[in-house]
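No lab work stands behind these numbers, since they all come straight from the coordinates. Computed from a prediction, not measured in an experiment: that's the story for all the values here. Cβ atoms come from the backbone with ideal geometry, glycine included; neighbour counts cover every protein chain shown.
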Amino acid sequence: MKPLLILVLPLALAACTRAPQDAPPPAAPVTVGNAATPAPGQADALAAHHWHLDAATSADGDRIAALFANPDKPLQLDFADGRIAIGNTCNRMGGEATFDGVHLTVGQLVSTQMACADAALMAMEREAGTRLAGGHAVTLVAGDPPRLELVNAAGDTLVFIGAATARTRFGVAPERVFLEVAAERVDCHHPVMPDYRCLQVRELQYDGAGLRTGAGDWGPLYQEIEGYDHQPGTRNVLRLDRYPRKDVPADASAVAYVLDMVVESEQASAD
């Protein structure tokens, strides 16, 4: 096996780097009317959705093209437990975030340390760190889908469209699991798709320090993993959220797997 990419388990993740330092300083809080606290459900609405970048313009009205280097996977924001996570860039970035209903303040951003061969993705990451750090005036519009508009201290306007998170869709908290996915799919007897080829997987266990403590038996997985695109010839270890499904048909799985992150990846050598 020839190593392609090894990422450190988030349970033991200690090596981080600060996001670009040329971000504008936090803006003074922006107040709309007499609002001082979030309207009921506003903070919940932020956390209940993945926010995908739909438009971005600078103060002079020019499109910020560097933020759209990944059109198939647009820049994504997630909010939970007083933090913001920024995804679909070269590295995963995150930091503290406070929201008072009209103003969002994003603290110092840190990121994982993975080099990308794609210079456009690296530039996208730098732009995201610069434009998102600091203070933002917020407009949150309910709808299907909802819309989030952020205006930072420099006058940049970023517009995001919301998509319900898996937890919102399934209505329950997930179980966190790790699956190792073999490099190649295998033949299997799917109940409704006769030509379907299953992922070959086994469950892994880790202790609190991120050290592997056990592994289950290999077996076929008779379903896809939401958010995961398997590449033939590549073995992966995935951190997943496992959700119980409601009103499950007799020929369907009682659980759904949703990708949280790829922990480890390795390219299989050709025989």
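Thinking of the stretch 86-225 as a set of Cα atoms, what percent of all their pairs are more than 20 Å apart?
Details: 6664 of 9730 pairs.
When every Cα pair of the stretch 86-225 is considered, 68 percent fall beyond 20 Å.
Excluding Ala163 itself, what net charge comes from residues whose Cβ is under 15 Å from its Cβ, given Lys and Arg +1 and Asp and Glu -1? It would help to have the intermediate numbers written out before the result.
Values: positive: Lys73, Arg147, Arg167, Arg169; negative: Asp54, Asp72, Asp78, Asp144, Glu226.
Residues close to Ala163 contribute a combined charge of -1.
If each residue's Cβ is checked for other Cβ atoms within 10 Å, how do Thr168, Thr157, Thr89 rank with the fewest at the top?
Details: Thr168 15, Thr157 19, Thr89 24.
Listed from fewest to most nearby Cβ atoms, that is Thr168, Thr157, Thr89.
Within a Cβ distance under 10 Å of Asp241, other residues only, what is the Lys/Arg minus Asp/Glu net charge? Mind showing how you got there, number by number?
Values: positive: Arg167, Arg176, Arg239, Arg242; negative: Glu175, Glu226, Asp260.
Net local charge, Asp241 excluded: +1.
Between Gln108 and Glu224, what is the FRET efficiency for a Förster distance of 41 Å, r being their Cβ-Cβ separation, to the nearest 0.05? Let's see the in-between values first.
Details: r = 37 Å, r/R0 = 0.91.
For R0 = 41 Å, the calculated efficiency reads 0.65.
Can you run the Rg to Rh ratio on the stretch 170-267? Use alpha carbon positions and the Kirkwood inverse-distance Rh. Write out the running numbers ahead of the final one.
Working: Rg = 13.8 Å, Rh = 14.3 Å.
That ratio equals 0.96.
Arrange the following residues from fewest to most other Cβ atoms within 10 Å of their Cβ: Cys188, Cys90, Cys198. Write out the running numbers ahead of the final one.
Details: Cys188 15, Cys90 23, Cys198 18.
Going from sparsest to densest Cβ surroundings: Cys188, Cys198, Cys90.
Once the other residues with Cβ under 14 Å from the Cβ of Asp195 are scored (Lys, Arg +1; Asp, Glu -1), what is the net sum?
Values: positive: Arg185, Arg197; negative: Asp187.
Every neighbour counted, the sum reads +1.
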